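Down below is the structure, laid out as C-alpha cells.
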Amino acid sequence: MRPGIRPRMFTEPPAGHARSAEAAAALRVVEEWSGHGGAADVLHPAVEAAIALLPALLAGGPVRLRAVAEAVHLSPSRLAHLFSAHVGIPLRPYVRWLRLQRAIDQVAAGESLTAAAHAAGFADGPHFTRAFRTTFGNAPSELATAIDWLP
C-alpha cells in the first residue's frame, strides 16, 4: 500500500493461474460496488498508522479500539470517527474482515476450518461460522469445498 492511500479490500490473485484474470476482475467489481475501490482517497496519517498496526495486533489476540487509539495517539472516539470516514467502515467490522481474510488464507493453505478459525483469532469454530455466514451468506464449509483455490 502506498502511504496515505486507502487500503484495498482484497489482494490481487497471483498471475499464472488459469482464472487469475477473472478473479482479479471480480474483486475489482466488488471493491467498486462496495465503495472501497477508490485508490485515490487519501488517508489521515493516524488511520494509516492504525491500518499498518492492525496485523500485529491481530496476531496478539483481541483488538481493542482503545489500544489502537493509544498506539496512534488519538482518543478512541476520534479514531473511530476518522477510521469510518476514511476507510468507509468502522474499525470493528474492518478487523473482522481482516480475520476472515486470514482464516480464508489458512483454509486455502490446507488448514482445517477449526485450525483456520483459531489462527485468525476467532474464539472457536462456531464464532468463525457466524461471522462468515453473516458476511458471505453461506457457511465456510459450503464454500471451502466449492472453491477452486488459487495457488
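The values are calculated or read from the model by the stated rules, or taken from the named source; none is laboratory data. Values in this document were obtained by computation on a predicted structure and should not be read as measured data. Cβ: placed from backbone, ideal geometry, glycine included. Neighbour counts: every protein chain shown.
Observations
- Some residue of the stretch 109-120 being within 14 Å of Ile51 (Cβ to Cβ), touching a helix residue (DSSP H, G or I) at 6+ places or on another chain (Cβ under 8 Å) and modelled with pLDDT of 90 or more: no
- Criterion (in contact (Cβ under 8 Å) with a residue 60 or more places away in the chain and either more than 26 Å from Thr129 (Cβ to Cβ) or among the polar types (S, T, N, Q) (or both)) met by exactly one of His73, His44, His86: His86
- Out of Asp105, Asp41, Asp124, Asp148, sole residue that is at pLDDT below 90 and touching a Lys or Arg at 6+ places or on another chain (Cβ under 6 Å): Asp41
- Subset of the stretch 140-151 (residues that are touching a residue at least 12 places away in the same chain (Cβ under 8 Å), surrounded by fewer than 14 Cβ atoms within 10 Å (Cβ to Cβ) and in a helix (DSSP H, G or I)): Ser141
- Residue count for the stretch 69-103, restricted to those that are over 17 Å from the mean Cα position of the chain (by Cα) and among the β-branched types (Val, Ile, Thr): 1.
- Listed by position, the helices (runs of 4 or more DSSP H) contained in the stretch 44-139 that have at least 2 residues being of a type in the set (Lys, Arg) and surrounded by 15 or more Cβ atoms within 10 Å (Cβ to Cβ) are 91-108.
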